[in-house]
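The structure appears right after this line, and notes come after that.
The values are calculated or read from the model by the stated rules, or taken from the named source; none is laboratory data. Predicted model, so just to flag it, every value in this text is computed and none were measured. When we count neighbours, we look across all protein chains shown, and the Cβ atoms used for this are built from the backbone with ideal geometry, even at glycine. Protein only, heavy atoms only, side chains kept; ligands, DNA and RNA dropped before computing areas. Shrake-Rupley method; radii C 1.70, N 1.55, O 1.52, S 1.80 Å.
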Amino acid sequence: MTTTWADLVGTALLGTDRRGSTPEELLDSAALAVVRRRAGARPATAGARPATTPHDPRPPLPEAARRRLSLLLADRSVGGGGGSRRGAAPNLAELLPQWLAVANARGWAAPPELLPALLDAARARTDLRPDALALAGPRGLWLAELNSDWRFALRAGAPGVVPDTGDPGAVRTLWEEGLFAERVALLSRLRARDPRQALELLRSGWAAERAEDRLMFLDSLREGLSPQDEPFLEQALTDRSRNVRATAAELLSALPGSALAARMAARARTCVAWDPGGGRIGAEAPYECDAAMERDGVVAIPPAGRGERAWWFGQVVDAAPLVTWRERFGGRTPEEIIALPVADDWQADLHAAWCRAAVRQGDAAWARALLGPTPAPATAVSPVGDPAKLLSILPAPERAEWVARFIAAHGLSEAFQMLAVCAVPWAEPLGAAAVDALDIARDAGSYPWSFSGVMGLAERCMDPAEADRAAPLAAVPAESADTSPGAGAYWAEAFQRLVGTLRLRAAMLAELA
């Protein structure tokens, strides 16, 4: 009787004892079966040849930059982005995003032999995908069609995959038959070219979309939000999904001229008014959250530990246009309004709501006023709202100056989020303030890993030309009785890594010039 492959698998699963065999006999039989199967296999019919590799009109990378990309990708592949201790060596995996951004900005094409590693890197790190796929270009997409591991590239909406938005037939086909990510990418590209056409496309099948898809499509309208979107968003306020309704309300409140903003302003005016007798702002929170308020996005149920009326008050005020308050308080400036006293302990709620409104409406004047001057040294830092979010809507130079002054006065312990929103490369005063603060922290005797987050940001964000500023700190200082054992050597190592990374970034930029 011929032993089939299925018989062998069954014996392996059940055990040779139960089949009256031995492990050696099973292995011998398996070896014979494998040889028999291979010997008897008929050549498969050749498949169609792949299409010719598309032409990439961009110039090839300079040789030094090609070698650098190879090293950066290889470091990623051996776990360069992991949490293992790297000593004084630069973290190459953290430099790859910056390298890709600069290479794309300067119009270079990826070397063909590095496309597989580049696609693998994009597959492993979603934050790399836009720039990695842009560098890979049409050849990367051609390659992605041949390997299912890289199919994400075709769904990411990279140039060359999404059809020409000027071709209505192709647009309609992709919108009706494409994967969700492809449809979002199509909508975003179409919206950038023709917002009206994008909105019509979105309307065409809106009711039939799943709730989670409607939410994501709606979220994509944040980019380029304009009064033209208002009728559609107003209609979405009655959507059957609560999350969709909430997002529509949030977007409408970011349009100061919208009908929803006017309704919320009317409600807010009933809550906040000038009290001439008391010489202060009077606040009166809503007594109920009626159906109209809920339709406009006010969430009725507060989170645990929060009072209902204060919860409704905050939502009403942060959805009202900020211009409401200038009109309400006699044309005063934001600084003058914020300086006004507020009755009955409502100041924190009122100012926090104004912070959220300033961020949502992108109002730099209000953000500047709410941030105020940098807190003086030796005074407690009592931020109103989220300083990092307020900073993010200020012009980059002003943002850097404010954070530099904050670090000079209060050190780095509360500055990480603020540093993260500063433009790269950091302006010279900001880089100097960060290095000085790190030097002070070292002298205080602590270990450097308490500042590892800031140190990592400095490596990636400081101007490479500032390497010489940190270089004197790379020497191992003499230990004293006030310092932690071995702290000086660890700090020296950290500064050596900072200096080495800055010089490496300078070399990278020169290679990509």
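Structure values in brief
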item: Test: Ser84 is modelled with pLDDT under 85 and not β-branched (Val, Ile, Thr); result: yes
item: Enumeration of residues in region 1-16 that are at pLDDT 90 or above and exposed (fewer than 10 other Cβ atoms within 10 Å of the Cβ); result: Leu13
item: Among the residues listed as Thr324, Thr379, the single one being more than 21 Å from the chain's Cα centre (by Cα), open to solvent by less than 10 Å² (accessible area, probe 1.4 Å) and of a type in the set (S, T, N, Q); result: Thr324
item: Residue in region 105-118 that is within 25 Å of Leu498 (Cα to Cα), assigned to a helix (DSSP H, G or I) and either modelled with pLDDT of 95 or more or in contact with a Lys or Arg (Cβ under 7 Å, 6 or more places away or on another chain) (or both) present; result: no
item: Hey, Trp108 open to solvent by 10 Å² or more (accessible area, probe 1.4 Å), of a type in the set (A, V, I, L, M, F, W, C) and touching a Pro at 6+ places or on another chain (Cβ under 6 Å) or not; result: no
item: Hey, Arg469 open to solvent by less than 70 Å² (accessible area, probe 1.4 Å), of a type in the set (D, E, K, R) and in a helix (DSSP H, G or I) or not; result: no
item: Members of region 49-70 that are open to solvent by 100 Å² or more (accessible area, probe 1.4 Å) and either of a type in the set (A, V, I, L, M, F, W, C) or part of a helix (DSSP H, G or I) (or both); result: Arg67
item: Given (1) exposed (fewer than 15 other Cβ atoms within 10 Å of the Cβ); (2) in contact with a strand residue (DSSP E or B) (Cβ under 9 Å, 6 or more places away or on another chain), number of the condition Glu336 does not satisfy; result: (2)
item: Cys289 being surrounded by 13 or more Cβ atoms within 10 Å (Cβ to Cβ), within 22 Å of Arg356 (Cβ to Cβ), without any contact (Cβ under 8 Å) to a residue 40 or more places away in the chain and touching a Phe, Trp or Tyr at 6+ places or on another chain (Cβ under 8 Å); result: yes
item: Hits in region 244-282 - residues which are surrounded by 19 or more Cβ atoms within 10 Å (Cβ to Cβ) and hydroxyl-bearing (Ser, Thr, Tyr); result: Thr247, Ser253, Ser258
item: Sole residue being closer than 30 Å to Gly257 by Cβ and either touching a Gly at 6+ places or on another chain (Cβ under 6 Å) or surrounded by 18 or more Cβ atoms within 10 Å (Cβ to Cβ) (or both), chosen from Leu221, Leu174; result: Leu221
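For (1) over 24 Å from Ala259 (Cα atoms); (2) acidic (Asp, Glu); (3) free of Cβ contacts under 8 Å to residues at least 24 places away in the same chain; (4) not in a helix (DSSP H, G or I), each residue gets a yes or a no:
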position	(1), (2), (3), (4)
Trp312	no, no, no, no
Trp325	no, no, no, no
Gly331	no, no, yes, yes
Glu335	yes, yes, no, no
Asp345	yes, yes, yes, yes
Ala400	yes, no, no, no
Ile407	yes, no, no, no
